[in-house]
Amino acid sequence: MSLKLIQLINLCLEKNIPFVTFRLPNTNSLQTWIQLSGKFNFVEHIQDVANKSGFVYAPFHRKTNFPIVFFEPELIIENENFEDSLIKEISDKDPLYPEYKYESPIEISKNEYLKQAKIFIESFDKNFPKAVLSRIQVEHKPVHFDTGKFFIKLQKTYPNAFCHLINIPGAGIWVGATPETLLRMNENTAQTISLAGTQPFYKKDQIVTWPEKELEEQQIVTDYIESFLDKFEIPDYKKEKVQNLQAGNAIHLATEFSFDKATIEKHLGTFISELHPTPAVCGFPKDKAFELILNAEKHNREYYAGYCGPLNMKEKTDLFVNLRCMKILKDNLALFVGGGLTAKSKPENEWEETSLKAKTILNLL
């Protein structure tokens with residue numbers, strides 16, 4: 001399976017048709033949603049679409065000047081279940097949008113990153129324990145790079161990640177494989193996860209010992225989610241024991257929370273907008289961390305560290321934090337990576353962590 005789907009994906013890109021292809025963690029179902037009319041929505045707030053059904057692609061923060069993208073699906077395809085006539089229909093179309101020129105991403109040197117990390121670390125105290133520093137790694141796009149083939153390879157390589165490829169005319173082509181849940185809901189239950197801390201993954205039976213810095217970093221996220229659920233007066237939520245979560249070539253610490261879906265249904269948009277960004281991708285307290293990020297980082301995070309996924313589809317919502325992602329440009333590939341810093345961080349180690357995360361995608365090129 002896949003050749004037919006690869007052809008469809010690349011044809012939609014050629015005609016600049018808005019579409020998304022995605023696969024939920026630990027499933028075999030690839031869904032492709034195509035906006036054959038070219039219609040999709042830019043919205044300011046998740047509350048504007050929280051009662052609708054569709055696919056959400058949200059930025060790290062609205063101050064990035066990138067709005068929330070929302071697809072109300074016109075055509076939904078599972079795996080390769082479509083007629084050959086669809087290929088002909090799309091082939092006969094003129095491009096729906098012009099070819100946009102996107103700004104070149106800002107890539108910093110290792111020395112610049114280490115200086116930024118030092119500024120972060122020196123900013124911390126007992127009232128400001130964590131912030132997340134990110135960077136962009138730019139790679140020259142291989143001459144024969146095939147976007148459709150790359151995505152199929154990505155989702156096969158990382159079966160327990162949320163994998164997606166999306167074309168947003170005016171905002172770019174994005175691809176990613178993220179391990180981090182923001183909010184998942186089925187018919188009865190809602191779930192979120194506190195995920196932080198990173199170590200390399202070598203083999204299935206490896207013994208993992210977590211340094212104090214990594215434990216502290218993850219605990220900050222866990223404490224935030226607990227206080228957040230208390231703030232929303234969610235009773236009797238269930239908190240699992242902290243576990244090791246493998247995500248490709250890395251291992252993270254993860255604590256799962258679950259609760260009754262009915263407790264947030266009536267104010268879902270507000271719940272999502274206040275939950276995101278968590279300290280896992282921003283820091284704590286959020287306002288201080290966000291200010292530090294805006295002042296220190298030279299690049300625009302755009303949709304990196306935002307969230308994405310299907311919303312209110314067949315009584316289910318599956319939103320994930322947009323990590324391990326890449327923006328596909330005309331001649332280059334821009335990989336977005338980051339990591340949480342605390343007072344115990346060592347800049348060199350943090351650089352190595354971002355390099356490890358970049359390999360999630362680099363290893364497939």
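Of all aspartates and glutamates in the structure, the ones whose alpha carbon falls short of 17 Å from that of LYS101, not counting any fewer than 8 places away in one chain, are GLU14, GLU302, ASP331. Counting every pair of alpha carbons in the stretch 150-218, the share spaced more than 14 Å apart comes to 74 percent.
Solvent-free Debye calculation, one equal scatterer per alpha-carbon of the stretch 55-144: log10 I(q)/I(0) at 0.10, 0.19, 0.21, 0.26 Å⁻¹ equals -0.59, -1.21, -1.27, -1.28.
Taking Lys and Arg as +1 and Asp and Glu as -1, the other residues whose beta-carbon sits under 14 Å from that of THR64 total +1. Among the GluC sites (Glu not before Pro) in the stretch 238-330, those located in a DSSP loop and surrounded by at most 13 other Cβ atoms within 10 Å of their own Cβ are GLU240, GLU315.
Averaged per residue, what accessible area in Å² does the stretch 1-111 show with a 1.4 Å probe, protein chains only?
Details: 5890 Å² over 111 residues.
Result: 53 Å² of accessible area for each residue.
Dividing the helix sum by the residues of the chain, where each DSSP H run of 4 or more adds -39500 (n - 2.57), gives a mean residue ellipticity at 222 nm of -8500 deg cm²/dmol.
Relative to the longest principal axis of the Cα atoms of the chain, the long axis of helix 110-123 lies at roughly 50 degrees.
Could you sort out which of LYS130/LYS330; LYS63/LYS288; LYS130/LYS156; LYS126/LYS357 sit more than 24 Å apart by Cα distance in this structure? It would help to have the intermediate numbers written out before the result.
Numbers: LYS130/LYS330 36 Å; LYS63/LYS288 15 Å; LYS130/LYS156 34 Å; LYS126/LYS357 28 Å.
Distance filter (> 24 Å) returns LYS130/LYS330; LYS130/LYS156; LYS126/LYS357.
When the charge dipole of the chain is built from unit charges on Cβ atoms (+1 for Lys and Arg, -1 for Asp and Glu) and taken about the Cα centre, the candidate among VAL242, SER123, HIS140 whose Cα reaches farthest toward its positive end is HIS140. Rounded to the nearest 10 degrees, the angle from helix 3-14 to the longest Cα principal axis of the chain is 90 degrees.
Each part gets one Cα centre, and for the stretch 179-242 versus the stretch 285-337 those centres are 19 Å apart. Nearest 5 is fine: what % of DSSP beta bridges in the chain come out antiparallel, could you say? About 100 percent, rounded to the nearest 5. Computed about the Cα centre, the dipole magnitude for the chain is approximately 640 debye when only Lys and Arg (+1) and Asp and Glu (-1) carry charge, each at its Cβ.
Restricting the stretch 78-157 to GluC sites (Glu not before Pro) that sit in a DSSP loop and have at most 15 other Cβ atoms within 10 Å of their own Cβ leaves GLU80, GLU83, GLU99, GLU103.
For ASP223 and ASN332 in the same chain, what is the full-extension length gain: residue separation times 0.36 nm, less their Cα-Cα distance, in nm?
On the way: separation 109, 0.36 × 109 = 39.24 nm, distance 3.93 nm.
Net length gain for the segment: 35.3 nm.
Taking 4 °C and 1.567 mPa s as conditions, the stretch 250-365 diffuses translationally at an estimated 78 µm²/s according to Stokes-Einstein applied to its Kirkwood radius (Cα pairs).
When the chain is treated as a Gaussian network with alpha carbon springs shorter than 10 Å, the biggest mean-square fluctuation among ASP94, ASP84, ASP205 belongs to ASP205.
Placing a pseudo-label 7 Å from each Cα along the Cα-to-Cβ vector at ASN10 and ASN65 gives an inter-label distance of 3.4 nm.
The values are calculated or read from the model by the stated rules, or taken from the named source; none is laboratory data. Given the structure is predicted, the values throughout are model-derived calculations rather than measurements. All Cβ positions, even for glycine, are placed from backbone atoms using ideal geometry, and neighbour counts span all protein chains on display. Remember, those area values only see protein heavy atoms, side chains included, never the ligands or the DNA or RNA. Shrake-Rupley method; radii C 1.70, N 1.55, O 1.52, S 1.80 Å.
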